[in-house]
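Participant: Please read through the structure below; I'll follow up with questions.
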Amino acid sequence: MNIIETRNGGYLFTLKGKLSKTLQDEYKKRLKEEENRDENSSFLILMLLMIFPVVLIHPILFSFIPISLISYYFGNRLYIKKKEETIKVNIFEGSFAINVHINKSHFFKHFDSNNIEQLYIRKIEQNKYCLCLIIKHPIRQQIALITGNEDKLAELVDLKNKIHNYFDIQEDELEGEFNYEKLELPKRKRQYFNLFHQDINDIRLNSVIHLKGNDHHITKINQLDWKNGMVSYQFTLETEEALFYHSSPAERLLFLEKEMTDINAIGLNPCQTELEGLDKILYHKGTNFYQTEQNKGKLFEGKTLLHDHVLQLLYENKEKQRFLRIFVLDGDTKAMLGEIVEEHQLQEILPETEEWN
Amino acid sequence: MKIIKDNQQVIIKINWGQEYLKKIALQTLLVFPSVFIIQLFFSGIFPFTFSAWIIISSILFAIALYIQYLNYGSSNLICTGEELWIYNEESRYSIPTSRIAQFYLKHTSSSSGINVFLKTIEDSEIDCFRGNHLHPKKALEIENTLEKFLGIEDYYVEGEYQVAGHQKKELQERQLADIQPKGDIFSTPLIEGLIENEFQFEWNDGEIDHVYWVHDGKQLNTVYQSNLDTHIEEKLNKVLFFNKIDMDHNTRFDQLPYSFTLEGDHYRLEQDKSGLFFNKHAEKNKVHADQKMYLSPSEHHSKTIRICLFSKINLEISKGISY
């Protein structure tokens with residue numbers, strides 16, 4: 001679907017799709033009326049007259065005439081039914097129109113914007129969806145507009161939302177409405193593997209890293225996309241520990257963390273799910289932790305979105321050697337205690353053992 | 001079209017004659033059975049010569065197709081982490097991957113298919129396959145494969161052809177001329193090293209500031225470059241910072257003082273700006289940034305404290321020094 005803003009302040013949407021059955025019938029009816037006074041039909045008759053002497057050569061050749069006429073009639077109908085047309089939807093102040101061009105002929109359907117109650121998407125059958133319109137006058141009824149399969153579904157949803165936004169239509173939930181869930185993907189991580197000059201982007205699921213003299217196997221990768229545009233990764237190792245990479249515009253951190261079993265030790269209540277009013281200084285086993293960062297973002301495991309709003313508080317000690325990470329997941333407050341890893345202590349990232357896709 | 005990909009490279013081989021043949025075959029496939037049926041019906045009327053005529057014409061048709069097939073040639077595209085090579089007929093083209101901003105599809109009015117274009121960070125456009133066009137689904141596959149491989153975020157380029165799915169979001173307006181791509185050498189009297197990452201602030205008054213991560217062989221340094229000066233920066237803990245200047249550590253950004261004293265130096269508010277923050281060439285999300293810059297003037301070196309608030313939640317304090 002392409003969107004163009006028109007000069008009169010409206011929008012023009014162009015998408016490929018099929019008209020619904022009701023509109024197709026309407027269109028065919030109009031096509032019939034047009035055919036009678038079409039220039040094309042007179043041209044056809046002229047052609048027939050020209051071919052007629054050729055037909056006289058053999059009597060059996062006469063049968064060509066009815067065959068060609070019948071095939072022309074049915075072919076045209078079949079063509080309209082099967083073909084995906086370019087549908088243009090035009091909206092501007094006070095009007096909503098659907099425009100279709102097929103074979104130089106032109107079909108136009110116009111609705112008054114005051115007459116529109118709302119649009120919605122219905123599932124007709126397996127892998128077939130329909131964009132429907134409910135109008136208020138003369139009687140409240142629904143009109144099917146455009147049908148499409150699963151590939152077209154995203155476009156239909158976008159179109160519906162744009163029209164609702166433009167005309168300021170309040171959307172009500174309807175019976176039989178198809179709810180489309182937009183898939184949310186994490187920020188893209190590059191897929192090529194660097195043999196030399198390796199960095200954090202070369203760590204993959206099921207790969208092996210050499211950390212502080214030991215080999216570790218990566219069993220899980222979580223990705224956090226922060227609101228300030230930065231990304232953090234949590235690489236879970238086979239030893240229940242995790243390597244956490246955190247980046248902010250002013251610095252980047254790498255630390256090895258482990259979940260705290262007893263979060264009472266830092267003065268935190270397990271039932272407490274509000275982190276906003278938490279102390280800026282926490283005390284644990286003889287060290288003071290000072291809050292350094294507060295961030296909101298989305299948590300992904302692989303490509304699936306796990307949580308929409310994750311609030312994370314990051315604490316560090318005075319020497320910036322030990323870290324404390326506190327966040328809420330599923331109504332559970334979790335705290336991770338970490339110790340810094342120098343970048344040169346992470347060596348030799350080996351590619352994953354399983355097949356790459 | 002053949003796509004071979006592994007961890008280290010993507011190879012795309014396209015035989016244009018083959019693509020052309022497939023297209024022709026799909027379009028003319030329906031003709032052959034109909035000819036066969038006609039022949040069955042009218043075998044009484046048309047003698048042997050008619051079928052002979054069909055055979056001769058189809059042989060001629062095949063020869064014409066074969067000549068076309070030879071005419072079209074092939075294209076190869078090889079992409080590694082560092083560089084992208086495109087081999088077309090008798091011409092080759094290569095570009096470092098750090099200079100690629102985006103791949104996109106375009107429908108030019110002269111062609112029945114889709115062309116694959118490449119956009120560099122200097123805003124110039126390159127037709128990857130020299131005017132040869134592809135089926136939209138195949139072109140989309142090439143675009144997605146390359147963008148996924150290089151980790152480029154997909155966004156809408158003006159005039160882009162969209163095959164199916166959601167309308168892509170447009171990129172934020174951003175000046176592209178000042179960018180020093182990743183991997184270049186950062187060289188000033190203050191510091192010299194390799195650029196590992198680059199960030200940009202665009203303030204509402206029109207000025208542009210940069211932050212670079214520069215690796216000088218020993219460690220990673222954060223360098224803040226503005227119109228006034230270049231500073232090497234160090235991140236401060238915000239709680240400790242507020243303790244040192246005798247303020248409550250729950251202080252909000254808009255409650256920050258006009259001047260303060262830190263470790264014997266007196267700092268005064270120099271700039272108070274707000275604008276947008278970008279951390280990559282392509283960034284679809286708008287990150288709002290407010291910044292207060294404090295300056296402590298001195299004869300030999302200047303010291304700065306930069307307090308920045310990202311998207312109204314994330315507060316960062318950096319101490320800068322310049323000789």
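The numbers here are math on the coordinates, done by the rules we state, and not lab data. All values reported here derive from a predicted model rather than from experimental measurement. Backbone-built Cβ (ideal geometry, glycine too); neighbour counts: all protein chains shown.
Participant: Taking the dipole about the Cα centre of the protein assembly as shown, with the C-beta of Lys and Arg at +1 and of Asp and Glu at -1, give me whichever of B:Asn132, B:His301, A:Pro53 is farthest to the positive side.
Facilitator: A:Pro53
Participant: Now, a different point. Which one of A:Ser247, A:Leu145, A:Ile263 is farthest out on the positive end of the charge dipole of chain A, using unit charges on Cβ (Lys, Arg +1; Asp, Glu -1) and the Cα centre as origin?
Facilitator: After comparing all options, I get A:Leu145.
Participant: Net charge near A:Leu275: determine it from the other residues with C-beta under 13 Å of the C-beta of A:Leu275, scoring Lys and Arg +1 and Asp and Glu -1.
Facilitator: Summing Lys/Arg as +1 and Asp/Glu as -1 gives -1.
Participant: Which percent of the Cα-Cα distances in the stretch B:185-322 go past 17 Å?
Facilitator: Tail of P(r) above 17 Å: 61 percent of Cα pairs.
Participant: While we're on this one: Give me the angle, in degrees from 0 to 90, between the Cα long axis of helix A:21-36 and the longest principal axis of the Cα atoms of chain A, rounded to the nearest 10.
Facilitator: 30
Participant: Lysines near A:Lys187 by alpha-carbon distance under 19 Å, same-chain residues fewer than 8 away left out - which ones?
Facilitator: Within the straight-line limit of under 19 Å, A:Lys187 reaches these lysines: A:Lys220, A:Lys227, A:Lys296, A:Lys298, A:Lys303, B:Lys148, B:Lys168, B:Lys169, B:Lys182, B:Lys280, B:Lys284, B:Lys286.
Participant: Could the peptides A:129-138, A:192-201 be put in order, highest first, of the mean number of other beta-carbon atoms found within 10 Å of their residues?
Facilitator: Ranked by mean Cβ neighbours within 10 Å, highest first: A:129-138, A:192-201.
Participant: Would you please name the trypsin sites (Lys or Arg not before Pro) within the stretch A:3-34 that are DSSP coil residues with at most 13 other C-beta atoms within 10 Å of their C-beta?
Facilitator: Answer by residue number: A:Arg7.
Participant: Report Rg/Rh for chain A, rounded to two decimals, where Rg is the Cα radius of gyration and Rh the Kirkwood radius.
Facilitator: With Rg and the Kirkwood Rh in hand, the quotient comes to 1.21.
Participant: Suppose every K and R has +1 on its Cβ and every D and E has -1 on its Cβ; what is the size of the dipole of chain A about the Cα centre, in Debye to the nearest 20?
Facilitator: Dipole size: approximately 1800 debye.
Participant: With a bin width of 5 angstrom, please list the P(r) values of the stretch A:200-350 as percents of all Cα-Cα pairs, from the 0 bin to the one holding the largest distance.
Facilitator: For the stretch A:200-350, the pair-distance distribution reads 2, 9, 19, 22, 21, 16, 8, 3, 0.
Participant: What FRET efficiency do you get for A:Phe108 and B:Leu65 if R0 is 41 Å and r is their Cβ-Cβ distance, rounded to the nearest 0.05?
Facilitator: It comes out at approximately 0.45.
Participant: Looking only at other chains, what is the average number of their beta-carbon atoms within 10 angstrom of each beta-carbon in B:149-158?
Facilitator: For this peptide, the per-residue mean of nearby foreign Cβ atoms is 2.
Participant: For peptide B:313-319, what's the mean number of Cβ atoms from other chains within 10 Å of each residue's Cβ?
Facilitator: If you average over the peptide's residues, the count of other-chain Cβ atoms is 5.
Participant: Give me the dipole magnitude in Debye, nearest 20, for the protein assembly as shown about the Cα centre, with unit charges on the beta carbon: positive for Lys and Arg, negative for Asp and Glu.
Facilitator: 2960
Participant: Oh, and also: On the principal axes of its Cα set, how long, how wide and how thick is the protein assembly as shown? Give whole Å, largest value first.
Facilitator: So the extents along the principal axes, rounded to whole Å, are 113, 65, 51.
Participant: Still on this structure, please answer the following. What size of dipole, in debye to the nearest 20, comes out for the stretch A:126-173 about its Cα centre when the only charges are +1 on Lys and Arg C-beta atoms and -1 on Asp and Glu C-beta atoms?
Facilitator: Dipole size: approximately 260 debye.
Participant: Summarise the partner chain shielding of A:283-295 as one whole number: the mean count of Cβ atoms from other chains within 10 Å of each residue's Cβ.
Facilitator: Mean shielding by partner chains, rounded to a whole number: 3.
Participant: Net charge near A:Lys296, counting Lys/Arg +1 and Asp/Glu -1 over other residues with Cβ under 13 Å of its Cβ?
Facilitator: Result for the neighbourhood of A:Lys296: -1.
Participant: Ordered by packing density, taken as the mean number of other Cβ atoms within 10 Å over each peptide's residues, highest first, how do B:301-314, B:55-68 rank?
Facilitator: Highest-to-lowest ranking by the protection proxy: B:301-314, B:55-68.
Participant: When the C-alpha atoms of the stretch A:142-220 are aligned to their principal axes, what extent does each axis show, in angstrom, from largest down?
Facilitator: Largest to smallest, the principal-axis extents are 69, 25, 24 Å.
Participant: Using mean Cβ contacts within 10 Å as the protection proxy, how do B:237-244, A:171-178, A:227-234 order, highest first?
Facilitator: Listed from highest to lowest mean packing, they are A:227-234, B:237-244, A:171-178.
Participant: Answer with one residue from B:Ile4, B:Val287, B:Leu228: the one whose Cα lies farthest towards the positive end of the charge dipole of the protein assembly as shown, charges on Cβ with Lys, Arg +1 and Asp, Glu -1.
Facilitator: B:Ile4
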